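The values are calculated or read from the model by the stated rules, or taken from the named source; none is laboratory data. Keep in mind that this is a model prediction, so the values were computed, not measured. Here the Cβ is made from the backbone with ideal geometry for all residues, glycine too, and neighbour counts use every protein chain on show. Remember, those area values only see protein heavy atoms, side chains included, never the ligands or the DNA or RNA. Shrake-Rupley method; radii C 1.70, N 1.55, O 1.52, S 1.80 Å.
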Amino acid sequence: MEPSRRRRPCVALVVLIGLLPGCSSPSAQPAQSSRQPPAPAAVTPITVDSTEEQIRQAVGTARVGRKLTPKAWPNGARVAVCLSFDVDNELLQRANPLPVPLSVGEYGATTSVPRILELLDRHQVPATFFIPAMGIMLHPEMVPAILARRRHEIGVHGWVHEFWPGIGDTAKEQRLLAQSIEYLTKATGKRPVGVRAPSSGFGPQTFDLIRAAGFLYDSSLLAADEPYEIVSNGQPSGVIELPISEVGNDYVYYGETANGSLPSPDSVFEIYKAEFDLAFQERTMFILTQHPHVGGRRSRIVQLDRLITYIKSKRDVWFATMEQVATYVKQPRS
Ligand SMILES: [Zn+2]
């Protein structure tokens, strides 16, 4: 299913088809290396006739390795909190770029992003923004607005929010990733160290491309509630995963696929609060994934404000960018 045709962002795809929407040093080799990329790998279904080895290989691309929650977070905090925003905006409307659907995404850039930045200013907390390269082309003002705060991070979220497994051409997928890194590097003055796959699109070859591009971390997978090292085909990769969840995603509750099933922002607040409370008890990590054009609506951002206020009331909390968390958990400890 091509998500662009259905105009769904990241985790909505998870809901629809059951698919679940990084380590080398960031200073490592850029994506466009002289090495020829491997041929595109087809997805091999698991069937009753699959051998144990075939099943192992089929699931082996990106698995949970070492858990990386440290014994202590900086300043003795009990939990790390990452607020992340997938700034998809108009690029969810690629298949239907008409004024009305586009305006839904445009709201994200023109109204929600400034509103979110003001909220983060008020609380003096950092956040990570994953932005498709062409989203920056359409709204270049977002980048200086985010960077002016001097505490936020901008990460890779594709070229036009394309669905990577649907490209079907490894060299092209690699080129799009390299273009996206280059565009963000020029726009922000810093090479991005984190990536989140658009539309949760993680193809069989995607992880190899992410690793080869030298990302510090990925934040696309959903296999844990804490940081871990990705194991690929049985081998520790060195790439850190900062996993997300459907539960911590605004689109699941407010997006088109939610179909009005849980429209109450109060209820969404209670879910996020319960997720945070257990993360606090477990002394691990809490990641929230919001989409400005969805969660930046008035009634919803009021609840995000309330949530941040609640989390801050706990005191022993480390609000950090995902880069800061990945850098921290990557440090060797005795
Ligand atoms: Zn997205």
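Here are the numbers for the structure shown:
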quantity: Cβ-defined net charge surrounding His139, 13 Å radius [Lys, Arg +1; Asp, Glu -1]; calculated: -4
quantity: Segment Asp49-Gln331, extension gain: residue separation times 0.36 nm, minus the distance between their alpha carbons; calculated: 97.2 nm
quantity: R0 of 30 Å, Cβ-Cβ distance Ala148-Ser103: FRET efficiency to nearest 0.05; calculated: 0.70
quantity: Accessible-area order (highest first, 1.4 angstrom probe) of the listed residues Lys273, Lys330, Lys71; calculated: Lys71, Lys330, Lys273
quantity: Antiparallel %, DSSP beta bridges [both residues in the chain], to 5; calculated: 25 percent
quantity: Percent of Cα-Cα distances greater than 37 Å, calculated over the chain; calculated: 12 percent
quantity: Top positive-direction residue, dipole computed over the chain with Cβ charges, set Gly234, His152, Val302; calculated: His152
quantity: Most to least packed among 304-316, 277-289 [average Cβ atoms within 10 Å]; calculated: 277-289, 304-316
quantity: Across Lys71/Lys330; Lys190/Lys273; Lys273/Lys330, pairs whose alpha-carbon gap is larger than 24 Å; calculated: Lys190/Lys273; Lys273/Lys330
